[in-house]
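> So that we are looking at the same thing, I have put the structure below in C-alpha cells.
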C-alpha cells in the first residue's frame, strides 16, 4: 500500500511529529510506502511530491513547521481541481491520503472522500484549538505556553511603571489561547471573540486593579470586538493607506484605556512567535499519537474519518462532522474564569 | 462559613495555583473565611495555622512549592490523631476542610469524611500522574516538560560522542513521566515500572540504534525493574553503607549496557529538578480550575468528594474510590509507543 | 552610615539583583543602614521612601522589574528640584546615594555630585547596552536571549510558508540588541540605527535568500532608518490620528519588501517582552557584582563614580565621562557580521 | 587554499557555530576550500574526513554538539602519530588546520605547530571556562544558564519541605560554573575545587539559614574537596564494586550534612544536561566570532595562535601560552561572592 501525506493551512508546532508518527508506524508495522505532497493541496494538484521514508523523518520530532511545506491552495476552487487531484494521486499510485490541516484543508478532504471516493483520513490541526470534535489540537499547548511566558515577563514592566499592558494573542474566532494564557499568566482582564466586551467594564477592572496598587494586564484575542465595535474600530484604526484595522484591537483598546482612565497603556502583539518553534512535550505527545492512529485508520480502511482526542483516548469521528462547526468558549467557562478579573 | 486548607505529600508545581483559586472564589463569590494549616496533616494535628486571605494568595500563581508547607504526617498513625484533628478544627471553627494531596494524604481525608464525619473535599496531587479517576494531575505536565528538555539536550552529547545516555526520571509505581517524556524527547528505549524489562532486549535496541549510526537515549522510570531484577539490583547496588539501591536503576542499567554491548554509557538522574519551580501553563490552568471546583463542592455541601479532570471537564468523584487504586500505564498504550524503540 | 538607593528610567532585568547586592554587603560587611527612594528621582524630590533592609531584599534576585519603582522624573527640571533633593536627603540622614539608571538618571547624579556636592555612586543600566565606558550593562543579555528565542521560533514559520519575516527589536540609538540577536538567531539581514540602510540592498538580500530556497528573517532595530528615510517614513506611516511612525520601521519595511520583491512579508514587534521577567544568569551575575562594587565605592568614599565592566573586572569611572556619549556599534563590527547577510 | 577543521574533547554548545563561522567567511570572503576531519585528532590520524562547505553548515548554528564528531584521541600517543597526521594532511592537500578544543586538543596543536611546522590555528573550547588567556569560552554561558534554571527550580522544593538541597555541577579543576550558577541561583553555600572546604563551616551556614526559616541550597563543583578530604571520601564512597567516588562529592556532602545537622538533605547531580542542547545567544555570538577570527588568522598566516576574548574584542595569543596553565577562580572573587553564604 502506498499512502500520501500532506499538511495544509497555517503552520503549527507538531506537524512534523504527526508525519514522523505516520511514517514510523506505517513502514515498521504495516510495511507501507509513503509519498509526501508539497505545500498542502498544491502538491496533489500539481503533482509536486517529496520522498517520505524513515530517513526523511529522522530528527524532525522537535522541529517546528512542516517538512512538507504548506499553503492555503484549495483544489475545489482550482480549474478541474478535483480531476487533477484524482489523476495525480493515481499517477503516484497513492491508495490513501492522510490530510493534516484545519477547517479548510479538512473540509476539502471530507468532500473528496464523501463525494469523489478518494480515500482520506484527517488529522486536526489548528493552533487556535477551535476545531470541533477533539478536546485539544496540537500546537495549542505550545502557543499557550509561549503567550503565558510573555505575560509573565510583562508583569514586571507593568508593576515597575504602573502601566496597563495590553497583550494581543491569536484567536480570530475563538478565545482559547486568550483564555488559557490569560488565566495561566494571571491576567486581570481577558477578552475573547465569543463575547463582545464593554470598554467601560474593562476600564472599571483596570481602575480597580490600580486601586489595590497593582498594575493590570489585559489579554485580548485578536478577534475580540467591543460591544459597539464595528463603527469604533473602523473609525479609529484606518492606517495611512486607508486600510482598516491594521493596528488591531490591542492598539485600539490601549488608546481607549488611556483616554478613559488617564493611565498609561502599552500594547504587545505576540503575533507569529506563538506558532513557530519547537513543540511542547504535550504537543509532541498528542501529535505523535494522532499520527500513529491516523495510519491505523488507513490500515483499518476507515476513511472519511478524522482522529480526535477524547480525554486521554484517540478516537475517530467523521471529518464532515468535525468541520461542521467551530468549537468556541462556553459562556459558563468564561464566567468561571471571570472570578480573576479586576 | 470558615474553610480550612492543607497541602500534603511531596511538592508539586501548581499547589499554590489551587490555593489561590480556592481563596479567590471563596472570598469573592461566597464570602467565606479561610485558614491555612501548615505542613499537611501536621497543621490540624498540632493546631498550627497560617492566615489565608486575598493578600496571602497574591502573586503565588507562578510560584512552585506551596505557601502552606507540606509533610507526610499521618494523623491516623499519631496518638489520638483523629481526636486532636477534630478538636483543632473545632477550635479554628472550621466547618469544611479542603485537602490537596496524593494517595496517602487523600486516603486520610476519605477516612475522616466517611468514618468520622469531618467534612472534607479532596484535590488530587501527584507529579507521577498515577492517581486513579482523573485524566491528569497538575505538576505532571511540568515534570514531563522539564524531562523532555533534558532529553533534548542529551541527544547532542550522545551523538557527538556516540555514547548511550540513560536518563532516570521519576515514577516509582507508574511510568507516565517516562512514557510521555521519552516519547516527546525521541528516546529509543523507554522502561516503566508496569512491565519488567529484559536487559538483553534493551541491549538489542541499543545496538540496532548504533547500527544506523545514531546514539541511543534510554529513558527509565526510577521504579522500573529488570525481569530477574530483585536479585541483581540488590547484589550490585549496595552502597558503602550497606544500603540497597542508592545508585538506582539508571546507574545499574548503564553498567549492564556497557558490559554487554561494549559501548560507553552514562547516566543522568533528573531528580528533584522535575518537581520544583514554576508550573507550566497547562498545570496553572488545571490547578486553578481544581481550586475553583473544590470550593464549589464545599458550597454545594458535596463532601467526601474529590475534583477530577475528565476530558476538558472538572467532575467530582468519591475520594475513597479515587484512592482505591493506582492509575498505571495500560499495556496497549505502552505497545503503541513501542514503535519508536530501537 | 546611612545610604540611599534609587532606580530610574525604563525597567530592566537585574535591577533587583543590584539592590540586593548593595544591601547584603552594606549591612553584613559594613553595618550600613539603607533607605530606598521610590520611583527614581521622584523619591528624593518628594521624600517618598521605602524601607530597605535584609528582609526587604529576600527572594528578589530572580525577579524582573524593581522593588523601588521607577520613573523618568528629572529634578533638574523640577521647581527648586536640587534644593528639595538636598533637603530630603538631609531629612533622611542619607550621607551617600547610589543611583541606578541610564544616561538621563545618571546624568543627574553626575551633576548633583560635581556641582552640588551630593555624594553619589552610579550603577549603569540600559537594556540597549549603549552606555559608554562599560563592556556590557545588565538586562542586555536577557533581552538578547528573549529576542533570539523569538527569532528561532520565527524561522519555522518563515520556512513553512516561504515568507519574509521582519522582526523589530529594541534599540533607538544603538543596534546592539539587533546585532547580537540577529547573529545568534541566524538572521539574513540585520539593520541598525548606526547605519542608514538601503531598501534596494535589503530586497536584494531577501531575493538571494529565496533563490537558495530558504526564507529570510530580517532583524531591524526600532531606530534603524532607510537612507532617504525621513520623508518616506513620514509619508507612509501616518496613522489615523495623524501621528507619525505609529507602526514603526518594521511594518514599513515589510510593506516595502512586499512591494518590491513580490514576496509575502510579515512583521513581529517584540516590544516590552524584551525588558521584563526574570534576568538571565549572566545578568544576575553582572548586576549583583555591580551592586557589591557600588557599595564598596561608597565605603571608599569614591563618589561621582560609576561602576563598569571591563573584561571580567568591575572598575570605577567618572559618571560624567560615562554619560558623555553613547556607545554605538563600531562599523568594523557591523561589517564583520555582514558576512551572514543575504 | 584548502583548510582543515576538527573538534576535539568533550562536546560543548557552540561548536557548530564556530564551524559555520569559519566556513561562511572562508568561502564567501576568501574563496577557500574546506575539509572536516572526523572525531577530533582521530580524523587526521586515520584520514577520516567529511565534506565541509556552505550547504554542510546550513542550519547548524542553534544545534548543540558538533557535526564533525569528537574524541579524545591524541596523535602524540599513537604509533607514528605525527607522521601519519602530516601525511594525511598532505593527502588532503590541507595547508592550514583549525583546531577547536580544550587544553589537551590544543596542546597537540601547539606542539604540531611549534615543533613540526604544521600550520594550526586554535579555537578555545571548554565548558568549564578554565582555559587561560580568554575571558570566557563558549559553552560556559549555556552551562551556567542551565544550572541556574535548575537551582531556581530546586528552591521551591527546599522551601516546601525545609530540606537541604545539594546541587553538584560540573567543574573538575575550576569552580567557574559553581560560582556563577550558585550566585545567579541564590545559593547559600558555593564550594569550588580551588579552595578545600570545611564541612563544619558548611554545616554552620546550613544551620544559620534554617534559623531565618529558609531552606538552604548548596552548590558544589564536582571537583570540590573537603579539607581532610582524600581519606574521608575514599572511606565513605566506595561503591559496591569497590570503585572510589562513584557517587561524587554531592552525595558525600549531603550525608555529612544530614549526620551533623540532623536536617534532611538531598543531592541533585546535573551531569551531562549542562553540556548538551542549543547554545545560549551569548555562546552563539562568541562562538561565531571565534570562527570568523580563526579563519582571518589563517588568511593572515598567523599560525600557532589561538583566538581569545578580551573584553569585547577577539585577540590572538600563542596557543602554547594559552594551554600552559589553568584559569582558576581568584580567591578575591570567591571572597567577594562569599557575602551571600549562610
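Each value in this text was obtained by applying a stated rule to the coordinates, not by laboratory testing. What you are looking at is a predicted structure, and each value in this text was computed from that prediction instead of being measured. Note that each Cβ is placed from the backbone with ideal geometry, even for glycine, and that neighbours are counted across all protein chains shown.
> Just grab the label-to-label distance for residue A:300 and residue C:30, each label 7 Å out from Cα along the Cβ direction, in nm (one decimal).
7.4
> Roughly what would the spin-label model give for residue D:53 and residue B:1, points 7 Å off Cα along C-beta, in nm?
7.5
> Only Cα pairs under 8 Å and at least 6 apart count here; give the relative contact order of segment B:142-276 as a rounded whole percent.
Taking the mean separation of contacting Cα pairs over the length of segment B:142-276, I get 33 percent.
> Taking the 0 to 90 degree range and rounding to the nearest ten, how far is the long axis of helix B:15-30 tilted relative to the main principal axis of chain B, both from C-alpha atoms?
30
> OK, next. Against the longest principal axis of chain D, how steep is helix D:81-91, in degrees 0 to 90 to the nearest 10, with axes from Cα atoms?
With both axes taken from Cα atoms, the answer is about 50 degrees.
> Could you check which residue among B:257, B:295, B:319 shows the biggest mean-square fluctuation in a GNM of chain B with a 10 Å Cα cutoff?
B:257
> Fully extended, how many nm does the chain gain between residue A:80 and residue A:104 (0.36 nm per residue separation, minus their Cα-Cα distance)? All intermediate terms of the calculation are to be shown ahead of the outcome.
Details: separation 24, 0.36 × 24 = 8.64 nm, distance 1.85 nm.
So the chain would gain 6.8 nm between residue A:80 and residue A:104.
> From the Cα gyration tensor of segment C:1-150, with a ≥ b ≥ c the square roots of its eigenvalues, which class applies: rounded if a/c is under 1.5, or else prolate if a/b is larger than b/c, or else oblate?
oblate
> Using only Cα atoms, find the angle between the long axis of helix C:140-161 and the longest principal axis of chain C, and express it within 0 to 90 degrees, rounded to the nearest 10.
20
> Express as a percent, rounded to the nearest 5, the fraction of DSSP beta bridges in the protein assembly as shown (both residues included) that run antiparallel.
25
> Also: Using a label position 7 Å from Cα in the Cα→Cβ direction, what is the ascending list of nm distances from residue D:200 to the same site in the other copies?
5.8, 7.5, 8.0
> Under the convention of a label 7 Å out along Cα→Cβ, give the distances in nm from residue C:93 to the same position in every other copy, shortest first.
The answer, with the shortest distance listed first, is 4.4, 8.3, 9.4 nm.
> Additional query: Mind sorting D:53, D:330, C:128 by how few other Cβ atoms lie within 10 Å of their own Cβ, fewest first? Can you show the working numbers first?
On the way: D:53 14, D:330 11, C:128 28.
Ranking D:53, D:330, C:128 by Cβ neighbours within 10 Å, fewest first, gives D:330, D:53, C:128.
> Same structure again: Rounded if a/c is under 1.5, else prolate if a/b beats b/c, else oblate: with a ≥ b ≥ c from the C-alpha gyration tensor eigenvalues square-rooted, which is chain D? Intermediate results must be reported in sequence, preceding the final value.
Numbers: a/c = 2.49, a/b = 2.07, b/c = 1.20.
Verdict is prolate for chain D.
> Anyone know which of D:124, D:331, D:44 comes out most mobile in the 10 Å Cα GNM of chain D?
Highest fluctuation among the options: D:331.
> Kindly put D:113, D:208 in sequence by how many other C-beta atoms sit within 10 Å of each C-beta, fewest to most. Walk me through the numbers on the way to the answer.
Numbers: D:113 22, D:208 14.
Ranked by crowding around the Cβ, least crowded first: D:208, D:113.
> Something else about it: Could you pull the copy-to-copy label distances for residue A:330, with points set 7 Å along Cα to Cβ, in nm to one decimal and sorted shortest first?
When each copy's label point is compared with this one, the spacings are 2.3, 6.3, 6.4 nm.
> Would you please classify the overall shape of the protein assembly as shown from the alpha carbon gyration tensor, given that a ≥ b ≥ c denote the square roots of the eigenvalues, rounded means a/c under 1.5, and beyond that prolate means a/b larger than b/c while oblate covers the rest?
Details: a/c = 1.08, a/b = 1.00, b/c = 1.07.
Rounded, since a/c falls under 1.5.
> While we're looking at this one, here's another question. Could you please point out the chain C residue with its Cβ nearest to the axis of the rotation taking chain C onto chain D, and the distance in whole angstrom?
Taking Cβ atoms only, the nearest residue and its distance are C:311, 2.
> Now, a different point. Under a point spin-label approximation (7 Å from Cα along Cα-to-Cβ), what is the residue A:213-residue B:90 distance to one decimal in nm?
Each label point is offset 7 Å from its Cα along the Cβ direction, giving 4.2 nm.
> What number, in percent, do you get for the relative contact order of chain C if the mean sequence gap of Cα pairs under 8 Å and at least 6 apart is divided by its residue count?
23
> In percent, how large is the relative contact order of segment C:1-75, given Cα pairs closer than 8 Å and 6 or more residues apart?
45
> Once you compute Rg and the Kirkwood Rh from C-alpha atoms, what is the Rg to Rh ratio for segment D:140-276? Display every interim value, and only then the final one.
Working: Rg = 13.9 Å, Rh = 14.7 Å.
My calculation puts Rg/Rh at 0.95.
> May I pose another question? Determine the calculated [θ] at 222 nm for chain D from helices alone, applying -39500 (n - 2.57) to every DSSP H run no shorter than 4 residues and normalising by the residue count; nearest 500 deg cm²/dmol.
On the way: 13 runs with 146 residues, N = 342.
Value at 222 nm, helices only, nearest 500: -13000 deg cm²/dmol.
> Using a 10 Å cut-off on Cβ to Cβ distances, tally the other chain neighbours for every residue of D:63-73 and report the average as a whole number. Write down the numbers at each step before the final one.
Working: counts 4, 8, 9, 4, 2, 1, 4, 5, 3, 1, 0.
Average per residue, whole number: 4.
> So for D:282, A:138, fewest C-beta neighbours within 10 Å to most, what's the order?
Ordered from fewest to most neighbouring Cβ atoms within 10 Å, D:282, A:138 come out as D:282, A:138.
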